[in-house]
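The structure under discussion appears below in the form of structure tokens.
No value in this document is a laboratory result; all are computed from the given coordinates. If you're wondering where the values come from, they're calculated on a predicted model, not measured in any experiment. Virtual Cβ from ideal backbone geometry, glycine too; neighbours counted across all protein chains shown.
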């Protein structure tokens, strides 16, 4: 029997790619404008891993620190919109971040969820859990004005998923 106050499960770990301030502000503004407000509990983000086990926190921290120290900020670009079926996202192309994600996947092989084992589709969700028609309407509205935006990712961020919210554990800035 667990002692009183310790009966909760350890929090799964999430890894995101840290956006530069201008791209974050723009995407977060779109998210606030179009995400159902009752469900919008997070800021704009690019998720690399959704639910790694808390038991790998030490190894993952060392890996992210090493990758950030040894790599320059990867180039990226917002390339348009992504249809999520019941939502809309900004599609991101970044061969450099995709390669870093693959390295992390190799190291975390055997402990990842099926979702985290899949190929990476970089994106920033700006609308979710709406009807397919609402999503298509927003996509038609935004398509002519989104355009492409080049940027560089700033680093990685490691979070713990706690009761539907994310608690920042540590940030890792690219320095290579």
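Between 163, 59, 148, the Gaussian network model of the chain with springs among Cα atoms under 10 angstrom shows the greatest mean-square fluctuation at 163. Between residue 103 and residue 137, the C-beta separation translates, for a Förster distance of 25 Å, into a calculated FRET efficiency of about 0.05. For segment 75-176, the Cα gyration tensor yields ellipsoid semi-axes of 26, 18, 14 Å (square root of five times each eigenvalue, largest first, whole Å). GNM remark for the chain: springs join alpha carbons under 10 Å apart, and the peak mean-square fluctuation among 25, 143, 44 falls on 143. Using a Gaussian network model of the chain whose springs link C-alpha atoms within less than 10 Å, name the residue from 58, 29, 155 with the highest mean-square fluctuation. Between 58, 29, 155, it is 58 that shows the largest mean-square fluctuation. Mean projected area of the convex hull spanned by the Cα atoms of segment 1-98, taken over all viewing directions: 9.3 nm².
Helix 95-107 versus the longest principal axis of the chain: what is the Cα-based angle in degrees, 0 to 90, to the nearest 10? Here the helix axis deviates by roughly 30 degrees.
Across the chain, the volume of the C-alpha convex hull divided among the residues equals 130 Å³ per residue.
Helix 21-34 and the longest principal axis of the Cα set of the chain meet at an angle near 70°. Computed from label points 7 Å out along Cα-Cβ, the spacing between residue 111 and residue 43 is 2.7 nm.
Using a cutoff of 8 angstrom between alpha carbon atoms and counting only pairs six or more residues apart, the relative contact order for segment 13-173 works out to 35 percent. Report, in degrees rounded to the nearest 10, the 0 to 90 angle that the Cα long axis of helix 57-70 makes with the longest principal axis of the chain. Its long axis makes an angle of about 60 degrees. Would you calculate the separation in nanometres between label points at residue 75 and residue 146, each defined as 7 Å from the Cα along the Cα-to-beta-carbon direction? Those two pseudo-labels are separated by 2.1 nm.
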